[in-house]
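Read-outs throughout are calculated quantities, based only on the coordinates presented, and are distinct from any laboratory measurement. What you see is a predicted model, and the numbers here were worked out from it, not measured in a lab.
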Amino acid sequence: MRTLVFATNNKHKLEEVQALIGNKFQLKTLEEIGCTDDIPETGDTFQDNASQKSRYIWDRFQIDCFSDDSGLEVKALNGEPGVYSARYSGSRDPEENLQLVMSKMKDVSDRSASFKCVISIVLDGKEHLFEGSVEGEITNTRSGSAGFGYDPIFKPQGYDVSFAEMPAEEKNRISHRARAVEKLVGFLNQQ
Ligand code: ITT
């Protein structure tokens, strides 16, 4: 079985991706390879940040690895929080970040938003990129407690519930991350 490092410190992402990848590939965590570094994420785009994370691990450890850079883009906020999704309020507290989006969206009628995910994988030193997105809207009130981050205020198009009200398997069928991981798995199966 092929072993891949998933370069993330977000345990929710790890759980989602592990469930999507199943047992075809063995995922190793940063902890398992002894990496406790604060991996830089200084890019202006999801792609730049994803590349930065996976290349950092490749350069330091020469291990096949991939990373996910993702976030919420709200149309009425000119694409914010975007690449700053994990620290939009200045803090890494998901609750504070969610509250800030809710307060900025108070009284805004165009509620369109999307989640984006870019996966960068470095295999034998060569990088490949995969993208996924899901359209939806920011709800007026929060609901649900599953998932993470902005899930309680994001309702995917065609659904009456937020991501945080869905069972993990359902979010994992339609999410931005699921779509990017599906492309990644298709690619890995051809290697
Ligand atoms: P790593 O960089 O260690 O992977 P991170 O959480 O810092 O972890 P990102 O820089 O990619 O990851 O930021 C992603 C943020 O976007 C995440 O912290 C959430 O706030 C938000 N986000 C991404 N995917 C999400 C999802 O499926 N549901 C809810 N919020 C999500």
With N denoting the number of residues in region 1-109, provide Rg(C-alpha) divided by 2.2 N^0.38 Å, to two decimal places.
-> 1.22
Do me a favour and compute the ellipsoid semi-axes for the chain from its Cα gyration tensor, root of five times each eigenvalue, largest one first, whole Å.
-> 29, 18, 14
Using θ = phi - 60° and the Karplus relation 6.51 cos²θ - 1.76 cosθ + 1.60, list the HN-Hα couplings for region 150-161 in order, rounded to whole Hz, with x at every Gly or Pro.
-> 8, 3, x, 10, 10, 10, x, 4, x, 10, 9, 10
Amide H neighbours of K28 under 5 Å, counting only residues 5+ apart in sequence or on other chains, H built in-plane at 1.01 Å?
-> L4, V5, F6
Over the chain: helical MRE at 222 nm, DSSP H runs n ≥ 4 each giving -39500 (n - 2.57), nearest 500 = -9500 deg cm²/dmol
Can you give me the relative contact order of the chain as a percent, contacts being Cα pairs under 8 Å and 6 or more apart?
-> 19 percent
Within a Gaussian network of the chain (alpha carbon springs, distance under 10 Å), most fluctuating of S143, S103, S89 | S103
Considering the chain as a Gaussian network with a 10 Å cut-off on Cα pairs, which listed residue, E80, E131, E32, attains the greatest mean-square fluctuation?
-> E32
Amide H proximity to E137 below 5 Å, modelled H, separation 5+ or other chain, gives A113, K155, Q157
In units of 2.2 N^0.38 Å, the Cα radius of gyration of region 10-71 is 1.13
Counting sequence-distant residues (5 or more places) and residues on other chains, those with an amide H built under 5 Å from that of G71 are K116
Which of G82, G147, G34 moves most in a GNM of the chain, Cα contacts under 10 Å?
-> G34
Any idea what log10 I(q)/I(0) is at q = 0.14, 0.19, 0.25 Å⁻¹ for region 81-132, Debye with uniform C-alpha scatterers and no solvent?
-> -0.54, -0.77, -0.98
If one computes the Cα centroid of region 81-104 and of region 21-75, what distance in Å separates the two points?
-> 21 Å
